[in-house]
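One structure below.
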Amino acid sequence: MSKKAKTSRAKLIANPGSGDGSDRGALLEQVTRYLTAHGLKVDVAVAKPKEKAIPIARRAVKDGYRLIIAMGGDDTIEAIIRGQAGSKARLGMIPVGTANNLAKSLGIPEDPLQACALIAAGPVRKLDLGLVKLRKGKKLPFFELVTVGIAAAVYPDALHVRKGRLSSLTGAIQTVLTHEPNPKMTVILDGESHITVESLLAIVANVPLIGPNMLVAPDASTDDARLDVAVYPGLNKAELLAYFTKLMNEGQAEDVPIQRYRARRLTIKASPKLQVMADGVMLGKGKVKIKIFPGALRVIAPPVGAGLEKSPQAAGTDLPEPVAPATQPGSTQS
């Protein structure tokens, strides 16, 4: 046990509603005892619903906590990240949700006591944090992903499916069937290159897994200072639904015409305007700007290789460069 761990105080923010409905109260008590036994002075706050985690995390930063521990599912952990964004506080994760995409991506143990042991050991990595901004000025930090298009539209129903409410699958399918057809989407990458396609969806990912453990960005790295971008030209609604169904639970889908790119900053606009979502938060419709802040989030996590994410070296080898120069103001495009 390090001297830092012996003298650290931590804010533990827990969502007792996360996961499979088991006795989270007893687990929270067990986790608190375990962390205390490892030399951490733990102050507990309960965040239910998960939105309460944001102001609690902000207050913890203001109160001088250097370690904030998130106990919950991906949505709760992402809310805590939004609350502590911009600070130097370290984030520890105790994943007790349904999907646990962040833990699986980073190699954080899903066993709560093993996750506590990792937090007590305190290996810190500086990971990339994204920022998304809509044209009207609404902006949001994100760690997992931004979607533009049909995935954002079906997210509320898909979330319920992920949590076992299979009746919501009907709502998700109905949304797909009624979604706007064939929008024209333009993606401008790093201000230099653009792609214009007819696509129902663009996904901008910082981690490999999203939703119900769908491996949408298999080569993503959380510390390569870039975001993985995927667009899906030529796929109709039924084909997209079939594709993402195959990806569930880390599945594979071969021979799907996906265009993949990487960028430090990008702009996405579509006609007609499409719905935008970042880490489960619906932001509305319209032109969106996204950028990455390298090393802006301090996370207690094992080294690269423990989870599904790739190292920056491995992540940087296999994606093509954009194929067209960006359109300059006042110019025309054929």
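The Rg/Rh ratio for the stretch 239-310 is 1.01, where Rg is the radius of gyration of the alpha carbons and Rh is the Kirkwood radius. Accessible area per residue (1.4 Å probe, heavy atoms of protein chains only) ranks Ser271, Ser311, Ser105 as Ser271, Ser311, Ser105, with the largest value leading. Classify the stretch 1-121 as rounded, prolate or oblate from the Cα gyration tensor: take a ≥ b ≥ c as the square roots of its eigenvalues, call it rounded if a/c is under 1.5, otherwise prolate when a/b beats b/c and oblate if not. Because its axes are fairly even, with a/c under 1.5, the stretch 1-121 counts as rounded. For the stretch 79-128, the square roots of the Cα gyration tensor eigenvalues, ordered a ≥ b ≥ c, give a/c of at least 1.5 with a/b no greater than b/c, which places it in the oblate category. For the set Glu29, Glu110, Glu78, solvent exposure ranked by accessible area (probe 1.4 Å, protein chains only) runs largest to smallest as Glu29, Glu110, Glu78.
The loop-placed GluC sites (Glu not before Pro) in the stretch 191-284, going by DSSP, that have at most 15 neighbouring Cβ atoms within 10 Å of their Cβ come out as Glu192, Glu254.
Computed with a 1.4 Å probe over protein heavy atoms only, the accessible area of Phe293 comes to about 90 Å².
The values are calculated or read from the model by the stated rules, or taken from the named source; none is laboratory data. Since the model is a prediction, treat every value here as computed from it, not as a measurement. Cβ coordinates were reconstructed from backbone atoms using ideal geometry, including for glycine residues, and neighbour counts include every protein chain displayed. SASA here: full protein model, heavy atoms, side chains in, ligands and nucleic acids out. Shrake-Rupley method; radii C 1.70, N 1.55, O 1.52, S 1.80 Å.
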